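Everything on this sheet refers to the single structure shown next.
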Amino acid sequence: MRRDAYEDKILANVAEFGCHVTTVFDPEGAQPTFTYSTGFVETFDCGEVIIFGLDNGLMQRMVNYVRDQLQERRIQLRDGVVISDLLAGHDCIARRVDASNLIREYFNTAMWYSRYRLSRDLTEAFQIVWPSVGTKLYPWDANCPEDVIALQPPLYLGAGA
């Protein structure tokens, strides 16, 4: 199967760094920007991660920090795991992405990678959810600010939730 230059770059990044990081944005600004990993499924035998609604560079650093934590065996991704130090003074929480949301719209590169390298579908991912800076409330908490909720689609709930 022939690969293009972008696919070669993905493979090279996973081989060298343990993952490839992709950022997706809506040029019209109607949907929140997000960043996700590709390669965790092979490098760490765990699900990929996805983060929504923050600065592009920050989200990329967050994915790389999770990669480093996995590499150093400081965390194990599972639903509800608290990840400290991703955002100064705030804990983030890993939430298992519902299977109905493991779709190309969110995980295109990771899905390609899993099929290409492992000959299987992507079956697991985790959304890294961040709290409101001011209130420290998460999107599922009562009184969480609407902007925090709007910036983080709840992929941990079924499609359409």
(message) Explain nothing, just the number: relative contact order of the chain, from Cα pairs under 8 Å at least 6 residues apart, as a whole percent.
(response) 20
(request) Report, in debye and to the nearest 20, how large the dipole of the chain comes out about its Cα centre when Lys and Arg carry +1 and Asp and Glu carry -1 on their Cβ. (result) 420
(request) Would you indicate which of (i) -0.52, -0.66, -0.87; (ii) -0.41, -0.58, -0.89; (iii) -0.47, -0.63, -0.88 is the value of log10 I(q)/I(0) by the Debye sum over Cα atoms at q = 0.11, 0.13, 0.16 Å⁻¹ derived from the coordinates of this structure? (result) (ii)
(message) Check which residues have an amide H placed less than 5 Å from V49's amide H, if you skip close sequence neighbours.
(response) S37, F126
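Every read-out reported here was derived from the displayed coordinates using simple, explicitly stated rules and does not represent laboratory data. The shown structure was predicted, so the numbers you read here are calculated from the model rather than taken from an experiment. Methodologically, a virtual Cβ is constructed for each residue, glycine included, from the backbone with ideal geometry; neighbour enumeration extends over all protein chains shown.
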